[in-house]
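Each remark here refers to the structure printed beneath this line.
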Amino acid sequence: MLSEAALTIIHQLNKAGFDAYAVGGCVRDHLRGIVPDDIDITTNALPAQTLDIFKEYRVIPTGLQHGTVTVLIGDTPFEVTTYRTDGTYTDGRHPDSVTFTASLEEDLARRDFTVNAIAFHPEKGIADPFCGQEDLNRGILRCVGDPATRFSEDALRIARLVRFMSVLRFQAEPKTAQAAHALCDRLSLVAAERKRVELMKLLMGDGFLEAATAFPDVMCRLVPSLSPLVGLDQHNPHHSFDAYTHTIRAVQAAAKDPVVRLAVLLHDLGKPQTFHTDEQGIGHFYGHPAVSEVLARETLTALRFDNATTDTVLTLVRKHDTPLTDNRKQIKRLLSKLGKDTLLRLLLVKEADASGCHENSAPPDFTSVRALVDDICNSAECFTLHELAVNGHDLLSVGIPAGPLLGRVLHCLLEAVIDDRCPNDRDALLSLAKECADDV
Ligand code: ATP
Ligand code: MG
């Protein structure tokens, strides 16, 4: 299972008289028949000894106080961590101290789930004191030790449980599930960045729907604005599910693009606030995309998403309910406002949204819209300021003053070209520019 590079690390440590095993996610994934992304090594060598053994290599003292040294073989990094036990946890997220130990079993005992507590050595084979292989074969996530204690020590493990349910399509063992429900309020102790990482992995899993169905409480601790969607009956013939169930079914149906899946998760946050029923008792949510956008911004800020992701997700949320047809001018206008990548993602969001409405909903057919997007992008047609036959300097030269007006005039000209009210021609645009400057 191990690459040449990983074998080199284990054998170098062994040659120097230490034990060394591959451990954690890489062993789990290998036993499931999946090639692991990265290989972590656990050893009884102390960090200073590891640094010494690999002095001929590039090493990074990543987290010496936690016992972790990163060794680079070629360009591949390996985390080599000294066997350790974690001390008491008073803050629900970090051990107060870590103690190095000589025992592999003690190191495995500090790990979160039995399937993550298996070690592997190329000659000695598997070490599995907590029967992780049995749980792996049965598709079960079970805490190592008492679940309530383990989740109280570090509440991030509760999010990891739901994340592994989604990614591995495993079930939570009943006591583990019960403790996760009982203690999920403690997720408020966990740093936003760590919650964000788990949320994104969870969203991308094949088993997202099962995981989010079993743990709406955990989902709502990660994204609090989801709470009022749970059980919200939409009273609408277009929807067979409550707003939360619709949302998670739509995420499951969505393309595996993290930005698309995140936008789908947040697209209907505004429904509870905008819900009203008409005389026939039919539910409506007029204006919900704008409210969703406000709540989505709060969520993305709280979870410290980067600006580029935030901007794209908010655009997708704001536009998710805009009807799209294969009308050339509409598509050109959208291309101009959103850009090609975001427009193509908007199609994916709308497909997912429609797929989440009923048991067997068919998504809309956007074949002709996609063809139109390609056609417009491949043609010489102008739909960006960049392609406009005039620029800011040209406008200055005909007496339009520098400043915000200039930008507004340029946009006004672009709209005129997109709407076929003016050819993309320098002279025509410059004479229109003077009219625009008086209007805008
Ligand atoms: P991934 O596929 O996301 O890398 P992983 O299981 O390798 O999954 P990592 O976060 O890389 O997860 O952690 C490596 C190993 O460290 C885990 O398999 C587990 O044994 C242990 N571990 C990680 N986080 C925790 C935690 N919060 N509590 C206890 N053990 C943990
Ligand atoms: Mg890992």
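With each pseudo-label sitting 7 Å past Cα toward Cβ, what's the Ile126-Asp374 distance in nm, one decimal?
The two pseudo-label positions are separated by 4.7 nm.
Separation of region 237-267 and region 183-198 by C-alpha centroid, Å?
Cα centroid of region 237-267 versus Cα centroid of region 183-198: 22 Å apart.
Cα-Cα pairs above 39 Å in the chain: how many percent? Could the numbers behind the result be given before it?
On the way: 37845 of 96580 pairs.
Of all Cα-Cα pairs in the chain, 39 percent lie more than 39 Å apart.
Want the number for Thr90 to Glu193: 0.36 nm per residue separation, take away the alpha-carbon distance, what's left?
Numbers: separation 103, 0.36 × 103 = 37.08 nm, distance 2.02 nm.
My answer for the length gained is 35.1 nm.
Under a point spin-label approximation (7 Å from Cα along Cα-to-Cβ), what is the Val294-Asp341 distance to one decimal in nm?
3.0 nm
Modelling each spin label as a point 7 Å along the Cα-to-Cβ direction, I'd like the Lys55/Ser227 distance in nm, to one decimal.
5.7 nm
Let me have the relative contact order for the chain, percent, based on Cα pairs under 8 Å that are six or more residues apart.
Value for the chain: 8 percent.
How long is the gain from Lys15 to Gln65 if the chain were fully straight, where each residue apart is worth 0.36 nm and the alpha carbon distance is subtracted?
Working: separation 50, 0.36 × 50 = 18.00 nm, distance 2.48 nm.
Extra length from Lys15 to Gln65 when fully extended: 15.5 nm.
Take Thr277, project a point 7 Å from its Cα along the Cβ direction, then tell me which residues of region 223-260 have their backbone nitrogen under 20 Å from it.
Residues 228-246 fall inside that zone.
Sort the following peptides by mean Cβ neighbour count (other Cβ atoms within 10 Å, averaged over residues), highest first: 11-19, 351-359. Let's see the in-between values first.
Working: 11-19: 15.9, 351-359: 19.2.
Sorting 11-19, 351-359 by mean packing, highest first, produces 351-359, 11-19.
For the chain, list the DSSP H helices whose alpha carbon atoms reach 20 Å or more along the long axis and whose average Kyte-Doolittle value is -1.0 or above?
Numbers: long enough: 288-302 (21 Å, 0.19); 340-355 (23 Å, 0.16); 404-418 (21 Å, 1.53).
Both cut-offs are met by 288-302, 340-355, 404-418.
Charges at C-beta only: +1 for Lys and Arg, -1 for Asp and Glu. How large is the resulting dipole of the chain about its Cα centre, in Debye rounded to 20?
Working: 45 positive and 61 negative charges, 68 e Å.
So the dipole magnitude of the chain works out to roughly 320 debye.
Identify, among Asn327, Leu316, Leu300, the residue whose Cα sits farthest towards the positive end of the charge dipole of region 271-372, taking +1 on the Cβ of Lys and Arg and -1 on the Cβ of Asp and Glu, with the dipole about the Cα centre.
In region 271-372, that residue is Asn327.
Rounded to the nearest 20 Debye, what is the dipole magnitude of region 1-141 about its Cα centre when Lys and Arg each give +1 and Asp and Glu each give -1 at the C-beta?
Details: 11 positive and 21 negative charges, 19 e Å.
With only Lys, Arg, Asp and Glu charged at Cβ, the dipole is about 100 debye.
If a paramagnetic tag sat 7 Å from the Cα of Asp425 along the Cα-Cβ line, which residues of region 387-418 would have the backbone N under 18 Å from that point?
Hits in region 387-418 for Asp425 at 18 Å: 388-391, 413-418.
In Å and from the alpha-carbon atoms only, list the Rg and Dmax of region 210-258.
Rg and Dmax of region 210-258, Cα atoms, are 11.2, 31 Å.
Along the charge dipole of the chain, Cβ charges K/R +1 and D/E -1, which of Val260, Met165, Gly125 sits furthest on the positive end?
Farthest along the dipole direction, towards plus: Gly125.
No lab work stands behind these numbers, since they all come straight from the coordinates. Fair warning: this is a prediction, and the values are worked out from it, not measured in the lab. Counting neighbours? That spans all protein chains shown, and the Cβs are built from the backbone with ideal geometry, glycine included.
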